[in-house]
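One structure below.
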Amino acid sequence: MSIRANPDSIKALVIDLDGTLLGPLSVLSERTIRAIEGCKRRGIKIVLATGRAMEAVEPFRRELGLAGPMIYFNGSVVADMEAGKIIKTTLLDIKAAEFCLELAKEMGVYFQLYLPAINEDPRLNLLTEWDRPEREFYHQHTGILANIVDIKTVFLRLKSRLEGVVKCMYLAEPEIQEKIRPRLDEHFGNSVYVVQTYRTFLEVLSDKASKGHGLVHVLESYNLKAEEAIAFGDEENDIPMLKMAGFSAAPLNAKESVKAIADQIIGSNDEDGVAEFLEDFFKL
C-alpha cells in the first residue's frame, strides 16, 4: 500500500521511538534530526509516542527541540514537558496491579510497575521487588533504575492518595510471555490492555490507555483531525495509533502484524527509514 495524502494537508507526525525513529543503538541520527527540523520549519507538529517514561524521553525531546503534548507510557500519560503540564493520565486499578504482582511471583518472572507522580517522594516511581539482571537491563535501556521495595507495603502506605498505577511490566523472553498472556486473559478478559512493547517487555495497562487513546487527546489539544496526521510505528503497541491516524507507515523491521495494517512500508530504522520518507514526502 502507499500513501495517497497531499503533503500540504498533513499537520502532525506521531512517531514511535524504539525501533522506528531511533536507530538500533537507541540513538538519533543526524539525518533524522535534519528531517525533523525540516518538518518543523513547515509548521508540522511533531509528537513522540512511546512506551517510555517521561524522563527516558526527555533527552530525545530536547535534542529534537520539540514542544507540545507527547504520548508516554503507551498512552497512559499525555504530557507537555516543556510547559510542565500533564494533559491526561489513565491509571490501572490497584487490585489489577496486585494480581499482576502475584502472578509474577508465582511464575518466577521479573516484574515492575510505575506509580503516578507522588509528592511524598519523587524517587518513588518505578518499583520492583527483585534485584535481577532484568532490572539492570531496563536501566541500561531507559536510564531508569527500579527501586527495590515491598510493593504491597507501598500500596498500603499510599492507600488514601493512590488511585492506581501507570502500568505494570513483565520482563521476559517471548516464550515466557506466551505463558503469561493466557493467565492474564483468563483473569481480566478485556478489562485491561495487555501489549508487547519490546521483545522482552510485556505490559499491562488500563483498557482505556493506548497510543491510539493518547493520539485522540493530542489531536484535540491541537484542534486537528485524524486525517491531518501520519503515524509511524513498528510494534504491537503502535497498532492503535496507526489505525487512529489518517495515514500510517511502518519500517521494514516492524512486526508483520504492524506492516499488515500500515498504509506504507518505509525503510528500516537502521537505515533512517523515517527520515528517508519525510525527505521524499515533503521534498525536504
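Numbers for the structure displayed
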item: Any hit, the stretch 197-205, residues being touching a residue at least 40 places away in the same chain (Cβ under 8 Å), surrounded by 19 or more Cβ atoms within 10 Å (Cβ to Cβ), in contact with a Lys or Arg (Cβ under 9 Å, 6 or more places away or on another chain) and part of a helix (DSSP H, G or I); result: no
item: Leading residue by the ranking (surrounded by the fewest Cβ atoms within 10 Å (Cβ to Cβ)) among those in the stretch 13-24 that are hydrophobic (A, V, I, L, M, F, W, C) and touching a residue at least 60 places away in the same chain (Cβ under 8 Å); result: L22
item: Selection within the stretch 81-96 - in contact (Cβ under 8 Å) with a residue 60 or more places away in the chain and either closer than 19 Å to H213 by Cβ or not hydrophobic (A, V, I, L, M, F, W, C) (or both); result: I87, K88, T89, T90, L91, L92, D93, A96
item: Flag for R135 being outside the structural domain of K243 (by TED's automatic domain parsing), over 19 Å from E236 (Cβ atoms) and either assigned to a loop (DSSP other than H, G, I, E, B) or hydroxyl-bearing (S, T, Y) (or both); result: no
item: Which numbered condition P69 misses (of (1) under 19 Å from the mean Cα position of the chain (by Cα); (2) on the phi > 0 side of the Ramachandran plot); result: (2)
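So that you can scan it fast, the table gives a plain yes or no per residue for (1) in contact (Cβ under 8 Å) with a residue 40 or more places away in the chain; (2) of a type in the set (A, V, I, L, M, F, W, C); (3) in contact with a helix residue (DSSP H, G or I) (Cβ under 9 Å, 6 or more places away or on another chain); (4) in the same structural domain as H141 (by TED's automatic domain parsing):
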| site | (1), (2), (3), (4) |
| --- | --- |
| K11 | yes, no, yes, no |
| S26 | yes, no, yes, no |
| I33 | no, yes, yes, no |
| A49 | yes, yes, yes, no |
| G65 | no, no, yes, no |
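The values are calculated or read from the model by the stated rules, or taken from the named source; none is laboratory data. Source: prediction; values computed, not measured. All Cβ positions, glycine included, derive from the backbone under ideal geometry; neighbour counts span all protein chains shown.
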